[in-house]
Structures are given as structure tokens and as C-alpha cells.
Amino acid sequence: MTEAAAATLARDRTLNLFAKPMTYVTGKGGVGKTTIAAAMALLAADQRRRVLVCELGSDGHLARLFGRTIDHEPTSVSPFVDAANFSAEEGLVATLTSVLPVERIIRAVVQNRVLQMFMETAPSVREAVLLDALGRHFQAKKYDNIIVDLPASGHAVTMLGVPQMIMKLMRRGPVAKKAEALEAEIFDPARAQILLVALPEALPVQETIELSQKLVAATRMGQVGIVLNSSAPHLVDKKEQALLDKIKQEAAQGSELRRHALHLLQAAERDEKALRELAQATGLPVFRLPRIEDANGFQDILGIAKAALASYVA
Ligand SMILES: Nc1ncnc2c1ncn2[C@@H]1O[C@H](COP(=O)(O)OP(=O)(O)OP(=O)(O)O)[C@@H](O)[C@H]1O
Ligand SMILES: [Mg+2]
């Protein structure tokens, strides 16, 4: 599919994504979160918004998408777009400095083996440091929009609950204060929102619905919509449906034509079902992103995904 073909896949619904400065993208593992986060960043840049797209300590699909190394410090990957992959190890000194402002002691502490063990065994420390790195960029106001590629479902829910968990554990002191400030800043429902990504299969649809419900319970932030990724090229309208039904009845058993007609009908039916179930259960608008079949590498997929999503984004 060409970018032009992808761009024509519009439906008359808009995804108001950039009105809030922070968007968290999440969904089940492997559904296309990183691809969609990066495509959204490119769309924001088209509106001349300065945007940061970041992963939180992941092993880095953003680097493959942009064809370059991406690490803790944001780096320019395209006009108006910076990308980063925050690292807990790199962020730790900055986080501790903001809580205990004596850097020399902190460096000694950070290099301590016991502390490193603590980092490895207490996962919420990692998460808190990653969120703190995000908070620093949010506060610096260098970007109009920050798009955060969150980890997959369960881990994302845990991550969004980390500041609250720290506040419960500590109640007082500099760390609790820091967690409270972080929660108020980066998870502020007035300035931050969640975008979900799903696939049009029964199990992923069910898991997305459960994720959406868990997020309602876990955070005050709202969800702006669901991208139904890897869907069919387009929804079959009534006229096409009649034509396909006719082919199904009249074309020879086992013929190429009949096989294609059946395939299109099944994919359309599957997508309609997924759209209906997702929208009904979550009350969220659902935006289809077709499966990109003939792309030449990750960067090509990114370009086509961007063109397809462009028709939705306000
Ligand atoms: N619409 C699409 N059509 C075809 N391939 C796609 C599409 N969207 C994503 N992909 C491909 O699917 C794979 C998974 O995508 P991606 O890495 O964005 O998913 P993810 O949800 O971030 O995964 P993870 O949970 O591992 O971080 C990648 O190879 C990506 O290029
Ligand atoms: Mg990813």
C-alpha cells in the first residue's frame, strides 16, 4: 500500500491528540505501541509542534524505527522531533540529586554494589527513576508535546501507580514529596492522557477492554481513544458486501477470486466485531490502522502508519 492509499483511509472522526501536552501509549505486547507513538510524534511535528517521543528503559524499537542510536538524552531524529530511551541507571543520579542535593555523596552511593542490587530487586525504584526523568523533561517545557511509549499492559498499569505507591509507603519526607509532585505533574488529567492500541482478534480485544478498565481504576488520567492496528485495508460497505456475497456464491469453489472474496469478508467482519466490542465496552472512539503488507523495512512502515493516522489526528 502506498502512503497516498493509506492517507485515503479516513473516517469522519477526529482524534484530538495534541491538545494535551502528554500522551501515554499503551496496549498488549507487540501490538504496535512504539510504531504508533513514533508516527504520532511525526504528525505533531507536521503541525510544527516540538515533540519528544520516548521509551522508558526498553530495549529500543524507536532506534530501529528512526535508524539510529537513541539513549537517555533526547536526540533529534527528524525536524521538530527528539527521541529518547530513558535509562534508570543514567537517571538515578539526577533523581537522587533532586532529593538529596549533594552530588559527590550520591555518586559514591550510586556506585555502591548494595544499591545496585536494590535497584535490581525493587522494580518500583527503576520505574520511579524513569518517571522522574520524564518529569524533568515535562517541567523543562522545551516540548509542546511528549509522547510516551509505555510498556505493555500490566507493566504500564504498575508504572502509572508508582508515585501513589511511594506516597503510601513513605507518607512524609523528601521522597514522598517528590512522588506527590511527580503524580501531580506528569499524570495530571488536565495535561496528560492515554492512547490505547489493540489488534482486531478476539483475545487482544478482550485484553484491551480489561486494560482500559484497569486504567480507569489505576489513574485519574482519561483515555482518548483506541487505535485498532493491523486491521483490514478498509471496511466493506453495503455495495461491496453485496458484490462479495455474489462472488462467494457464484465463483468456482477453490478459485482465486472466491478465496479473495472470502478473505475480505472475513477480515471486514472481524474488524466490525472488534470495533463494536471495543467501542461498546470502553465508550472510546476507535481508529483503524490497516495492516501494512508490502513495506520495505521499519522506516517504511512508520511512514505509511503516519500517513494513515494523519486522516484522524486533529
Ligand atoms: N500496521 C502495521 N502493519 C504491519 N506491521 C506493523 C504495523 N504496526 C506495527 N507493525 C510491526 O509489528 C511489530 C511490532 O510493532 P511495535 O514494535 O511498534 O509494537 P510494540 O507494541 O511497541 O511492541 P512491544 O510490546 O514489544 O514494545 C514491528 O515489527 C512493527 O514494524
Ligand atoms: Mg514497543
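Worth pointing out:
- Extreme residue, surrounded by the fewest Cβ atoms within 10 Å (Cβ to Cβ), among residues of the stretch 232-243 that are part of a loop (DSSP other than H, G, I, E, B) and away from ligand 1 (no atom under 16 Å from the Cβ): 237
- Residue count for the stretch 178-231, restricted to those that are closer than 16 Å to residue 278 by Cα and assigned to a helix (DSSP H, G or I): 15.
- Among residues of the stretch 59-79 that are closer than 17 Å to residue 134 by Cα and of a type outside the set (Asp, Glu), those with a beta-carbon under 7 Å from a residue that is part of a helix (DSSP H, G or I) and within 13 Å of ligand 1 (Cβ to nearest atom) at least six positions away or on a different chain give the pairs 62/34; 62/38; 70/62; 70/63.
- Against the list (1) modelled with pLDDT of 95 or more; (2) out of contact with any helix residue (DSSP H, G or I) (no Cβ under 9 Å at 6 or more places or on another chain), the condition residue 11 fails is (1).
- Enumeration of residues in the stretch 150-198 that are β-branched (Val, Ile, Thr) and in contact with a Phe, Trp or Tyr (Cβ under 8 Å, 6 or more places away or on another chain): 186, 194
- Of the residues making up the stretch 126-136, at least one is closer than 23 Å to residue 219 by Cα, surrounded by fewer than 19 Cβ atoms within 10 Å (Cβ to Cβ) and modelled with pLDDT of 90 or more.
- One residue alone among 215, 228 is aliphatic (A, V, I, L, M), under 17 Å from residue 154 (Cβ atoms) and out of contact with any Leu (no Cβ under 6 Å at 6 or more places or on another chain), and that residue is 215.
- Of all residues making up the stretch 256-290, the number that are within 17 Å of the chain's Cα centre (by Cα) and loosely packed, with under 14 Cβ neighbours inside 10 Å: 0
- Any hit, the stretch 32-44, residues being within 9 Å of ligand 2 (Cβ to nearest atom), of a type outside the set (Ser, Thr, Tyr), part of a loop (DSSP other than H, G, I, E, B) and farther than 14 Å from residue 143 by Cβ: yes
- Test: residue in the stretch 85-98 that is touching a Ser or Thr at 6+ places or on another chain (Cβ under 7 Å), under 26 Å from residue 50 (Cβ atoms) and at pLDDT 95 or above: yes
- Checking residue 164 against (1) away from ligand 2 (no atom under 16 Å from the Cβ); (2) part of a loop (DSSP other than H, G, I, E, B); (3) at pLDDT below 95, the condition it does not meet: (2)
- Evaluated against (1) on the phi < 0 side of the Ramachandran plot; (2) touching a strand residue (DSSP E or B) at 6+ places or on another chain (Cβ under 8 Å); (3) more than 16 Å from ligand 2 (Cβ to nearest atom); (4) at pLDDT 95 or above, residue 79 falls short on exactly one condition, (2).
- Any hit, the stretch 170-181, residues being within 15 Å of ligand 1 (Cβ to nearest atom), buried (at least 22 other Cβ atoms within 10 Å of the Cβ) and either over 24 Å from the mean Cα position of the chain (by Cα) or not polar (S, T, N, Q) (or both): no
- Odd one out for residue 278 among (1) within 19 Å of residue 39 (Cα to Cα); (2) of a type outside the set (Lys, Arg); (3) more than 16 Å from ligand 2 (Cβ to nearest atom); (4) touching a residue at least 40 places away in the same chain (Cβ under 8 Å): (1)
- Any chance residue 252 is touching a helix residue (DSSP H, G or I) at 6+ places or on another chain (Cβ under 6 Å) and surrounded by fewer than 19 Cβ atoms within 10 Å (Cβ to Cβ): no
- Against the numbered list (1) away from ligand 2 (no atom under 14 Å from the Cβ); (2) touching a Ser or Thr at 6+ places or on another chain (Cβ under 7 Å), residue 51 comes up short only at (2).
The values are calculated or read from the model by the stated rules, or taken from the named source; none is laboratory data. These numbers come from a predicted model, not from an experiment. Neighbour counts are summed over all protein chains in view; Cβ atoms, including those assigned to glycine, are modelled from backbone coordinates with ideal geometry.
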